[in-house]
1. What is the Cα centroid distance between the range 67-82 and the range 92-110, reported in whole angstrom?
2. Expressed as a whole percent, how much of the Cα-Cα distance distribution for the range 79-138 exceeds 20 Å?
3. Take every Cα pair under 8 Å in the chain that's 6+ residues apart, average their separations, divide by the length, and report that relative contact order as a whole percent.
4. Between residue 115 and residue 21, take the C-beta separation as r, use R0 = 25 Å, and let me know the FRET efficiency to the nearest 0.05.
5. Please arrange 11, 46 by how many other C-beta atoms lie within 10 Å of their C-beta, fewest to most.
6. Give me the distance in nm between label points sitting 7 Å out from Cα along the Cα-to-Cβ direction at residue 101 and residue 38, one decimal.
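Derivation of every value follows stated rules applied to the coordinates shown; laboratory data play no part. Everything numeric here is computed off the predicted structure, so don't read it as measured data. Reconstructed Cβ throughout: ideal geometry from the backbone, glycine too, with neighbour counts over all protein chains shown.
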């Protein structure tokens, strides 16, 4: 039986591409979470007024990969010290976030963040998952569709 994990790590294209390469990940999709606008679109999220972050939702097989391993991939593949930005992308939609699905994920994510914080300040929020709004079709598997910027897992 699969489980879900949801991560915000800047523009959702790279994290989705990275997680799609992971053994044990069943599927991924990109979308929006953490805000108060119902059924937002990309243009609305980019205004910074919806409260949503760009996220990748990962469906994974816990018999093949643990949530803790997914957290490690998340930490290693973005800069968790940046507040509301990743590289050239700036805005609340690009914040670093872990949206947890249940008490066990919440506990694991907070413990993982504490471990990462021991090396320096971390801006990553950890909060319960709210409604997930899938992004437009052209954002799904964007890097694969457009043969751009291949990223490998660090």
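1. Centre-to-centre distance over Cα atoms comes out at 11 Å.
2. 37
3. Relative contact order, the chain: 33 percent.
4. Computed FRET efficiency for residue 115 and residue 21 comes out at 0.55.
5. By the 10 Å Cβ count, ascending: 46, 11.
6. Those two pseudo-labels are separated by 2.4 nm.
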